[in-house]
């Protein structure tokens with residue numbers, strides 16, 4: 001039934017372009033075409049995926065925006081798979097290279113970017129919910145937000161995953177990390193714009209709340225000073241100025257009087273092809289829990305990766321491990 005409906009769409013699609021129209025319909029066609037090609041029917045996918053070329057030929061920028069939005073929404077809730085990723089890139093690359101349009105280079109870059117997006121979305125989806133998988137989900141979330149900021153240039157999608165990262169930190173009581181995540185959004189907002197300035201203020205106040213709960217008062221001091229400058233010189237709100245100065249004083253008092261354990265940091269390298277792609281042959285720095293030493297941290301790490309061989313030394317890994325199918329986690333103290 002789905003195959004029949006798909007081929008009927010294919011026949012009507014040809015008439016649409018033959019009549020020289022359709023350009024104004026490009027934004028509204030992207031979503032339905034994405035949904036149709038995500039149906040798990042290889043024959044339907046092979047028939048329908050080339051239609052993206054027609055849309056790209058009419059209005060590539062609108063296809064870029066709409067396609068990435070749709071894939072992010074649909075793949076994270078269960079649509080799509082590795083076969084879709086492979087067919088999308090291979091079919092459309094072949095189409096662009098054989099037709100050689102004027103937008104060839106930008107089209108090829110976009111197709112490769114969608115392939116990388118799908119790779120990260122499938123990783124993100126594959127990590128199950130639950131506290132035991134929280135660190136893996138954080139890694140996948142960071143992969144996605146970095147992709148949307150650095151490769152795709154999609155600020156609104158970057159911000160969406162920044163807030164998802166913040167929400168992952170809170171149940172684990174990683175309050176300082178949650179605040180630093182929000183800083184990524186706040187740094188994009190100017191004080192001069194009244195609407196975005198109010199949002200920036202709200203983010204700063206949330207960050208101060210999290211720094212307070214995480215006992216990272218030193219990190220909150222610059223925010224207090226910046227807010228004080230805004231309240232005094234831009235908003236002329238002396239009631240808020242008074243409140244933020246009291247908070248600044250309270251943070252200083254905590255720094256002087258509160259006893260806090262010095263956190264330990266651990267450098268972990270995930271070596272070997274046995275790790276999922278979002279960890280494979282990458283190095284991360286973890287902040288330990290209160291009073292957590294390398295032995296307890298290693299035990300916690302082993303619980304997340306029971307099949308991994310755990311090594312606690314600073315020596316670089318054997319190069320053969322990088323391409324092996326094994327899992328080897330190198331864990332050591334990290335100093336700043």
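The values are calculated or read from the model by the stated rules, or taken from the named source; none is laboratory data. The structure presented is a predicted model; accordingly, all values stated were derived computationally and were not measured. Don't worry about glycine lacking a Cβ; one is built from the backbone with ideal geometry, like all the others, and counts go over all protein chains shown.
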Evaluation of residue 251 against (1) loosely packed, with under 14 Cβ neighbours inside 10 Å; (2) assigned by TED's automatic domain parsing to the domain that holds residue 222 (one fails), failing number:
(1)
If I ask for residues that are without any contact (Cβ under 8 Å) to a residue 60 or more places away in the chain, within 30 Å of residue 107 (Cβ to Cβ) and assigned to a loop (DSSP other than H, G, I, E, B), which ones from region 152-211 would you list?
153, 188
Quick one: is residue 197 closer than 23 Å to residue 154 by Cα and either in contact with a strand residue (DSSP E or B) (Cβ under 6 Å, 6 or more places away or on another chain) or assigned by TED's automatic domain parsing to the domain that holds residue 148 (or both)?
yes
Could you check residue 296 against (1) in contact (Cβ under 8 Å) with a residue 12 or more places away in the chain; (2) loosely packed, with under 14 Cβ neighbours inside 10 Å and say which number it fails?
(1)
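Yes or no, residue by residue, for (1) farther than 30 Å from residue 68 by Cα; (2) outside the structural domain of residue 73 (by TED's automatic domain parsing); (3) in contact with a strand residue (DSSP E or B) (Cβ under 6 Å, 6 or more places away or on another chain); (4) surrounded by fewer than 15 Cβ atoms within 10 Å (Cβ to Cβ):
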| residue | (1), (2), (3), (4) |
| --- | --- |
| 157 | no, yes, no, no |
| 178 | no, yes, no, no |
| 210 | yes, yes, no, no |
| 213 | yes, yes, no, yes |
| 220 | yes, yes, no, no |
| 236 | yes, yes, no, yes |
| 244 | yes, yes, no, no |
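Between 256, 321, which is loosely packed, with under 11 Cβ neighbours inside 10 Å and part of a helix (DSSP H, G or I)?
Checking each option against the conditions leaves just 256.
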Can you give me the number of residues within region 190-200 that are surrounded by fewer than 18 Cβ atoms within 10 Å (Cβ to Cβ) and either within 19 Å of residue 244 (Cα to Cα) or in contact with a helix residue (DSSP H, G or I) (Cβ under 7 Å, 6 or more places away or on another chain) (or both)?
5
Can you pull out the residues in region 76-104 that are loosely packed, with under 12 Cβ neighbours inside 10 Å and either within 19 Å of residue 117 (Cα to Cα) or assigned by TED's automatic domain parsing to the domain that holds residue 160 (or both)?
77, 78, 82, 83
Please indicate, with yes or no, whether at least one residue in region 307-322 is out of contact with any strand residue (DSSP E or B) (no Cβ under 8 Å at 6 or more places or on another chain) and either closer than 21 Å to residue 133 by Cβ or modelled with pLDDT of 85 or more (or both).
yes
When (1) in a loop (DSSP other than H, G, I, E, B); (2) crowded, with 17+ Cβ neighbours inside 10 Å are applied to residue 72, the one that fails is (1)
Check on residue 173, under 19 Å from residue 260 (Cβ atoms), surrounded by fewer than 19 Cβ atoms within 10 Å (Cβ to Cβ), out of contact with any helix residue (DSSP H, G or I) (no Cβ under 6 Å at 6 or more places or on another chain) and modelled with pLDDT under 95
yes
